[in-house]
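Below you'll find the structure, written out as structure tokens, and then a few comments.
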Amino acid sequence: MDMYLFITTYSKISNLFITGGLKLKIHILIIEDDEAISNLIKINLNMAGYESRQVFDGIDAFNLLKEDSF
């Protein structure tokens, strides 16, 4: 089975503000089968002010994306 890693461009988008002064919070789904790498990505995203969740295979990612948006 082939595994794919989707990476989004890193930016300071979490600093954007929307109408009414509410801060836009970016939610990122980390799809990585190596737990150590996934944890490092999550730590760095959290330090940069992003909310993130982890899954370790494509099936879990697919099921989570049916329930939630990122």
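The values are calculated or read from the model by the stated rules, or taken from the named source; none is laboratory data. Source: prediction; values computed, not measured. Note that we place each Cβ from the backbone using ideal geometry, even for glycine, and neighbour counts take in every protein chain shown. Just so you know, the surface numbers come from the protein's heavy atoms only, side chains and all, with ligands and any DNA or RNA stripped out. Shrake-Rupley method; radii C 1.70, N 1.55, O 1.52, S 1.80 Å.
Please work out if Gly49 is at positive phi and either at pLDDT below 75 or touching a Pro at 6+ places or on another chain (Cβ under 9 Å) (or both). Considered against the rule, which asks whether it is at positive phi and either at pLDDT below 75 or touching a Pro at 6+ places or on another chain (Cβ under 9 Å) (or both), Gly49 comes out as no.
Checking every residue in the range 57-68 against the condition of being in a loop (DSSP other than H, G, I, E, B) and either at pLDDT 85 or above or touching a helix residue (DSSP H, G or I) at 6+ places or on another chain (Cβ under 8 Å) (or both) gives at least one match. Restricting attention to the range 43-65, which residues are of a type in the set (Phe, Trp, Tyr) and open to solvent by less than 60 Å² (accessible area, probe 1.4 Å)? Selection gives Tyr50 alone.
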